[in-house]
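One structure is given here, and the rest of the page talks about it.
The values are calculated or read from the model by the stated rules, or taken from the named source; none is laboratory data. Since we're looking at a predicted model, the values are computed, not measured. Cβ placement follows ideal geometry from the backbone for every residue including glycine, while neighbour counts extend to all protein chains displayed. Just so you know, the surface numbers come from the protein's heavy atoms only, side chains and all, with ligands and any DNA or RNA stripped out. Shrake-Rupley method; radii C 1.70, N 1.55, O 1.52, S 1.80 Å.
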Amino acid sequence: MINYIYQLTSPQFFSVKYVDIDINKKVIVRPRYMSICHADQRYYLGNRDLKVLNEKLPMALIHECCGQVVMDKTGQFQPGQLVVMIPNQPANSLDVLPGDDSADLTEGHNIFYENYRSDSKFLSSGADGFMREFVDIAPDRLIPFEDIPLQTAAITEFVSVACHAVSRLMKVAHNRRENIGVWGDGALSYVIATVLRATMPKSKIYVIGKNQRKLSRFSFVTKTFLTYNIPKDFKVDHAFECVGGEGSPDAINDMIQYANPQATLMLMGVSENRVPINTRLVLEKGISLIGCSRSGRADFESAISLMATQRVRRRLSSIIYEDAPVKNFDDMHRAFAADLNTPFKTVFEWKV
């Protein structure tokens, strides 16, 4: 079966590659809706080190996508079934989940989450993403869903990243979780706050950011603060950093300053440069810094479960901007340009 793959060959330049795919061993899925991530934008705009760009490109972008099954000769899915596709591609299936005390850990990979394993590939980061006519994918990389709008289902991967981070906090942090801080006022901090509110309803959730207009969207949290107006006596038991980029140093050091002893701080923002942090205060307070990135199948299942509730869907829909359908190369450029002016998440129907 001949497939069309729409690759970014250099910043802001797309071309099509034709490949023959095997329809017998994998599920064939037609992408329906896609969402643009900051990582996609960095490749599209060329805001990565030239060595990295040379290593990664040409490559199809997009790792947030839902689609519809076209064909499945493995017999696990029906044609027309709606599915979310998991971009993380481990070489071998996990036998156990991390933290399973009953597991035999003689195989080293059994102690690692699939999204951190060295044998995992991630689509749209070193391997072709979902900007294709059809996606040939292993059945265990698909999660079926119903009763979720396609526009919302398109950001499932993004929600799953938040589910993964909150799940890791629950596993590693001490049990005092009265006050949780979220640094950042963008889409990631919004989704983290949404997942926290759904999974830790008794905790007080505080969001700290720089943009009052964006912070006004967080009506469901306990309180929001501007970064220059945090009360002197403000303290959090644990916190999430969702800033990244040039704002990382200030956000991380603020978290360290306002954290209670032995707090767990989840670092989620991507920075291209090294970030100086106040290690003296980290040691003095016994703080744990946890790097957190991407997600696995269990996190996708958690995300779909959360998104099945009307309240969560309603909150997520408020940060989604649907651009016009993408039908050709010009539309691809238009969608990426539109995303630069969208404060949260841009989704579009894929009709190429």
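Mind checking which residues of segment 20-38 are at pLDDT 95 or above, aliphatic (A, V, I, L, M) and out of contact with any helix residue (DSSP H, G or I) (no Cβ under 8 Å at 6 or more places or on another chain)? Once the filter is applied, which keeps residues that are at pLDDT 95 or above, aliphatic (A, V, I, L, M) and out of contact with any helix residue (DSSP H, G or I) (no Cβ under 8 Å at 6 or more places or on another chain), segment 20-38 yields Ile28, Val29, Met34. Of all the criteria given as (1) open to solvent by less than 20 Å² (accessible area, probe 1.4 Å); (2) not in a strand (DSSP E or B), the one not satisfied by Arg42 is (1). Cβ-Cβ contacts under 9 Å between residues 6 or more apart (or on different chains), taken from a first residue in segment 35-55 that is touching a residue at least 24 places away in the same chain (Cβ under 8 Å) to a second residue that is among the hydrophobic types (A, V, I, L, M, F, W, C) and open to solvent by 60 Å² or more (accessible area, probe 1.4 Å), are listed as His38/Val270; Ala39/Val270; Gln41/Leu340; Leu45/Leu340.
Selection within segment 229-248: residues that are touching a residue at least 12 places away in the same chain (Cβ under 8 Å) and surrounded by fewer than 17 Cβ atoms within 10 Å (Cβ to Cβ). The member of this set that is nearest to the chain's Cα centre (by Cα) is Gly245.
Could you say whether any residue in segment 300-314 is in a loop (DSSP other than H, G, I, E, B), free of Cβ contacts under 8 Å to residues at least 40 places away in the same chain, open to solvent by 50 Å² or more (accessible area, probe 1.4 Å) and closer than 18 Å to Met85 by Cβ? So far as segment 300-314 goes, no, none of its residues is in a loop (DSSP other than H, G, I, E, B), free of Cβ contacts under 8 Å to residues at least 40 places away in the same chain, open to solvent by 50 Å² or more (accessible area, probe 1.4 Å) and closer than 18 Å to Met85 by Cβ. Residues that are surrounded by fewer than 15 Cβ atoms within 10 Å (Cβ to Cβ) and not in a strand (DSSP E or B) within segment 11-38 comprise Pro11, Gln12, Asp22, Asn24, Lys25, listed in sequence order. Could you count how many residues in segment 315-331 are touching a strand residue (DSSP E or B) at 6+ places or on another chain (Cβ under 6 Å) and either open to solvent by less than 70 Å² (accessible area, probe 1.4 Å) or without any contact (Cβ under 8 Å) to a residue 40 or more places away in the chain (or both)? Qualifying residue count, segment 315-331: 6. Restricting segment 110-127 to residues that are touching a Pro at 6+ places or on another chain (Cβ under 9 Å) and among the polar types (S, T, N, Q), the residue that is surrounded by the fewest Cβ atoms within 10 Å (Cβ to Cβ) is Asn110.
Does segment 275-294 contain any residue that is within 21 Å of the chain's Cα centre (by Cα), crowded, with 20+ Cβ neighbours inside 10 Å and on the phi < 0 side of the Ramachandran plot? Yes, segment 275-294 contains a residue that is within 21 Å of the chain's Cα centre (by Cα), crowded, with 20+ Cβ neighbours inside 10 Å and on the phi < 0 side of the Ramachandran plot. Quick check: anything in segment 217-224 in contact with a Phe, Trp or Tyr (Cβ under 7 Å, 6 or more places away or on another chain), closer than 22 Å to Phe158 by Cβ and among the polar types (S, T, N, Q)? Yes: segment 217-224 contains one or more residues that are in contact with a Phe, Trp or Tyr (Cβ under 7 Å, 6 or more places away or on another chain), closer than 22 Å to Phe158 by Cβ and among the polar types (S, T, N, Q).
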